[in-house]
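The values are calculated or read from the model by the stated rules, or taken from the named source; none is laboratory data. In this text the structure is predicted, and so the values were computed from the model without any measurement. Positions of Cβ are backbone-derived with ideal geometry, glycine not excepted, and every protein chain shown enters the neighbour counts.
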Amino acid sequence: MGRDNSPKERQRQQLARKLNRRASYDRILIVSEGSKTEPNYFNEIRVAHRLHTANVAVRPSELGTAPLQVVRYAQQLFEHGDPHLHRRIQKRAFEQVFAMFDRDEHESYFDALRLAESLDGKLKNDIKQPIRFRAIASVPNFELWLLLHYEDIRAPIHRDEVLSRLRRHYPGYEKGITGVFAATKGRLEVATQRAQVLATRFSAHTVPEPFTAAADLAQLLIGLRS
């Protein structure tokens with residue numbers, strides 16, 4: 001009997017080869033508001049825990065830094081992939097998508113939360129599974145997550161104060177620097193506990209109360225291979 005060379009059969013074989021090459025853990029796409037700080041931090045976790053770039057991709061938003069733009073870019077990148085082959089983002093090639101942004105004073109913050117919630121479970125990946133789509137918000141900013149490694153924050157705090165207090169513990173900290181995960185990972189457990197306590201009292205919606213979901217994402221990546 002001759003070989004089936006139909007387009008449908010070739011597509012099936014390509015998908016089978018792709019799945020065989022995958023690691024056993026979920027494929028995760030992270031899109032961030034920041035162009036360096038958050039990508040550097042989560043890429044450092046990826047490298048430290050030997051997560052393959054085909055399974056964990058971290059990209060800054062290319063539509064802009066407003067929260068709604070971050071969520072829309074995450075949706076766009078998931079649905080259409082990246083046309084630049086060297087970036088290796090294939091369309092719909094993830095089980096989980098995260099859009100990371102700060103509250104700061106962004107006007108589109110709550111719209112971004114609503115859009116992310118509306119997409120959760122509604123988009124399907126390349127193996128026809130509904131994906132998880134989640135906003136990873138921080139109030140007031142991502143640096144709150146880093147400050148929790150050193151201090152227990154329970155009351156509203158301005159982003160400038162977060163940065164000032166973080167630098168008291170972490171001299172030389174600047175947005176976009178590398179090595180932050182290595183410098184703070186010894187305090188990861190206590191920071192996670194503090195973030196979890198905040199999450200029992202507040203949420204991304206209870207602005208201006210302090211909150212960060214960055215702890216959830218860090219723990220997810222760290223636990224992928226376990």
**Asked** For residues in the stretch 38-74 being in contact with a helix residue (DSSP H, G or I) (Cβ under 6 Å, 6 or more places away or on another chain) and crowded, with 20+ Cβ neighbours inside 10 Å, which is nearest to residue 116 (Cα to Cα)?
**Response** 71
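Conditions tested, residue by residue: (1) charged (D, E, K, R); (2) touching a residue at least 60 places away in the same chain (Cβ under 8 Å); (3) closer than 22 Å to residue 55 by Cα.
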| residue | (1), (2), (3) |
| --- | --- |
| 100 | no, yes, yes |
| 104 | yes, no, no |
| 108 | no, no, no |
| 115 | no, no, no |
| 122 | yes, no, yes |
| 127 | no, yes, yes |
| 135 | no, yes, yes |
| 142 | no, yes, no |
| 174 | yes, no, no |
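Of all residues in the stretch 167-209 being among the hydroxyl-bearing types (Ser, Thr, Tyr) and not in a loop (DSSP other than H, G, I, E, B), which is nearest to residue 39 (Cα to Cα)?
First, the residues of the stretch 167-209 that are among the hydroxyl-bearing types (Ser, Thr, Tyr): 170, 173, 178, 184, 192, 200, 203, 206.
Remaining after also requiring not in a loop (DSSP other than H, G, I, E, B): 184, 192, 200.
On the way: 184: 16, 192: 19, 200: 27 Å.
That would be 184.
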**Complete:** Of those in the stretch 80-131 that are assigned to a loop (DSSP other than H, G, I, E, B) and of a type in the set (Lys, Arg), the residue nearest to residue 213 (Cα to Cα) is 103
**Asked** With (1) touching a strand residue (DSSP E or B) at 6+ places or on another chain (Cβ under 7 Å); (2) crowded, with 16+ Cβ neighbours inside 10 Å as the list, and residue 180 as the residue in question, which single condition is left unmet?
**Response** (1)
**Request:** Return a yes/no flag: does the stretch 132-144 have any residue that is under 21 Å from residue 42 (Cβ atoms) and in a helix (DSSP H, G or I).
**Result:** yes
**Complete:** Note on residue 194: of the conditions (1) crowded, with 16+ Cβ neighbours inside 10 Å; (2) under 18 Å from residue 99 (Cα atoms), unmet is (2)
**residue 25, sole failed condition from (1) among the aromatic types (Phe, Trp, Tyr); (2) at pLDDT below 90; (3) farther than 30 Å from residue 186 by Cβ** = (3)
**Prompt:** In the stretch 79-121, how many residues are farther than 30 Å from residue 139 by Cα and among the basic types (Lys, Arg)?
**Reply:** 3
**Prompt:** Only one of (1) touching a residue at least 60 places away in the same chain (Cβ under 8 Å); (2) of a type in the set (Lys, Arg); (3) buried (at least 17 other Cβ atoms within 10 Å of the Cβ) is not met by residue 159, so which one is it?
**Reply:** (1)
**Asked** Which one of 137, 155 is within 17 Å of the chain's Cα centre (by Cα) and closer than 25 Å to residue 105 by Cα?
**Response** 137
**Fill in**
Reported set for the stretch 91-106 where residues are buried (at least 16 other Cβ atoms within 10 Å of the Cβ) and at negative phi is 93, 94, 95, 96, 97, 98, 99, 100, 101, 102, 103, 106
**Item:** Pairs with Cβ under 6 Å, 6+ apart, first in the stretch 176-198 and of a type outside the set (A, V, I, L, M, F, W, C), second surrounded by 13 or more Cβ atoms within 10 Å (Cβ to Cβ) and in a helix (DSSP H, G or I)
**Value:** 176/37; 178/40; 192/215
